[in-house]
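The values are calculated or read from the model by the stated rules, or taken from the named source; none is laboratory data. Here the structure is a predicted model, which means the values were calculated and not measured. Heads up, the Cβs are rebuilt from the backbone with ideal geometry, glycines too, and the neighbour counts pull from every protein chain shown.
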Amino acid sequence: MDIIQAENSLKTSIKFNEIKAVIVERISKFENLQEYKLDIEFLKLVCNMIEFQVKKKYNIDKQELLIKIYDAAFQNLSDTDKEVIKKNIEFIFQNNHIKKVSYYKLFVCGLSEWIKKKLC
């Protein structure tokens, strides 16, 4: 069935769910996850993960993705929690705290990990 590919909104929906699953899996590894629900540093981490994963061609609303990720991770988000999170996202965005990881840094980190594996 790989011959038949989803297109347009279906492809966007599939990519949205794949990114959401990857990020939820990653953040669920934190102990006492409920403590981080309204933590700005944690929100910044999730925003940067989203920024790294989502490419412009996917046509994904990043704020909606973040809210869905928080809903999946913290099952009990109220409407006021969502509003606080949205305001915090605006603050983080306006102060340029969301940054994409450069390809150079990815290359250097990957190369150093490969060298460590070979030497150890």
For region 48-76, which residues satisfy the criterion of being without any contact (Cβ under 8 Å) to a residue 24 or more places away in the chain and either part of a helix (DSSP H, G or I) or under 14 Å from ILE27 (Cα atoms) (or both)? LYS56, LYS57, LYS62, GLU64, LEU66, ILE67, ASP71, GLN75
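Look through region 92-104, keep the residues that are more than 17 Å from the chain's Cα centre (by Cα) and part of a helix (DSSP H, G or I), and return whichever of them is nearest to CYS47 (Cα to Cα). Walk me through how you get there before you give the answer.
Of the residues in region 92-104, the ones more than 17 Å from the chain's Cα centre (by Cα) are 94-95, 103-104.
Next cut, part of a helix (DSSP H, G or I) only: 94, 103-104.
On the way: GLN94: 13, TYR103: 18, TYR104: 20 Å.
Ranking the candidates gives GLN94 first.
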Looking only at region 19-47, which residues are free of Cβ contacts under 8 Å to residues at least 40 places away in the same chain, surrounded by 12 or more Cβ atoms within 10 Å (Cβ to Cβ) and either assigned to a helix (DSSP H, G or I) or in contact with a strand residue (DSSP E or B) (Cβ under 7 Å, 6 or more places away or on another chain) (or both)? ALA21, VAL22, ARG26, TYR36, PHE42, LEU45, VAL46
Working carefully through the options LYS11, LYS15, find the one that is surrounded by 12 or more Cβ atoms within 10 Å (Cβ to Cβ), modelled with pLDDT under 90 and either of a type in the set (Lys, Arg) or in a loop (DSSP other than H, G, I, E, B) (or both). LYS11
Per the list (1) among the basic types (Lys, Arg); (2) more than 17 Å from ILE27 (Cα to Cα); (3) modelled with pLDDT of 85 or more; (4) under 16 Å from the mean Cα position of the chain (by Cα), residue check on LYS82 breaks on (4)
Among PHE107, PHE74, PHE42, the single one that is under 15 Å from the mean Cα position of the chain (by Cα) and more than 27 Å from LEU10 (Cα to Cα) is PHE42
